[in-house]
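See structure below.
Bear in mind these aren't lab numbers, they're just calculated from the coordinates by the rules spelled out. Here the structure is a predicted model, which means the values were calculated and not measured. Note that we place each Cβ from the backbone using ideal geometry, even for glycine, and neighbour counts take in every protein chain shown.
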Amino acid sequence: MISILTHLCQDHVDVLAHLVRLAGDSGTDPGSRPRQVSDLTRLLDEHMHFEEKTLYPLLMLHVDASAMGARASAQHREIDALLASLGRGSGADETWSALVGALTEVMRRHFAEEEAMILPRLRRMMTDGMLRELASRYQAARADVVVGASLAR
Ligand SMILES: [Fe+2]
Ligand SMILES: [Fe+2]
């Protein structure tokens, strides 16, 4: 069964791999930075938007899980701010490295919390049918983003 949780965990792997590439390019190819930041931003925007609009609200329905949802949303804002700083320009190599390092640290912590606490909790709240249905909706939303990006070129 393809579940929404599988898609989200795969995104986490992809994002961390992307961050390793960003760290590796630091100082070697500054010209590729804007494109790489925009690719990462597109992937994360869709991922975080889906979590905030569709999944975290489910946590809010449960008294013992609502704090998890609020904390995860606050981490998303921290991630947004770091992505915006990266997108504003690479600046000096040290600045770039510091920003990529800070974003990597925040992302690792956020993904670890989601995978250890949030996703297992959501799994217990949803039926197999809901998990499959959300997977289809997420794939459709992602396809729109890819088409939109290629039309914009
Ligand atoms: Fe996530
Ligand atoms: Fe998240």
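If I take R0 = 30 Å and measure r between the Cβ atoms of Ser97 and Glu52 in this structure, what FRET efficiency does the formula 1/(1 + (r/R0)^6) give, to the nearest 0.05?
Working: r = 29 Å, r/R0 = 0.97.
Computed FRET efficiency for Ser97 and Glu52 comes out at 0.55.
Pulled fully out, how much extra length does the chain show between Val63 and Glu105, if you take 0.36 nm times their separation in residues and subtract their Cα-Cα distance? Walk me through the intermediate numbers first.
Values: separation 42, 0.36 × 42 = 15.12 nm, distance 2.87 nm.
Length gained between Val63 and Glu105: 12.2 nm.
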Report task. Could you bin all the Cα-Cα distances of segment 71-119 into 10 Å bins starting at 0 and give me the percent of pairs in each, rounded to whole numbers? Result -> 26, 47, 22, 5
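Considering all projection directions equally, how large on average is the shadow of the alpha-carbon convex hull of the chain, in square nanometres? Please report the intermediate quantities before stating the final value.
Working: hull surface 36.8 nm².
It is 9.2 nm².
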Report task. List the DSSP H helices in the chain whose Cα atoms stretch 27 Å or more along the helix axis and whose mean Kyte-Doolittle hydropathy is at least -0.5. Result -> 4-25, 66-87, 93-113, 128-152
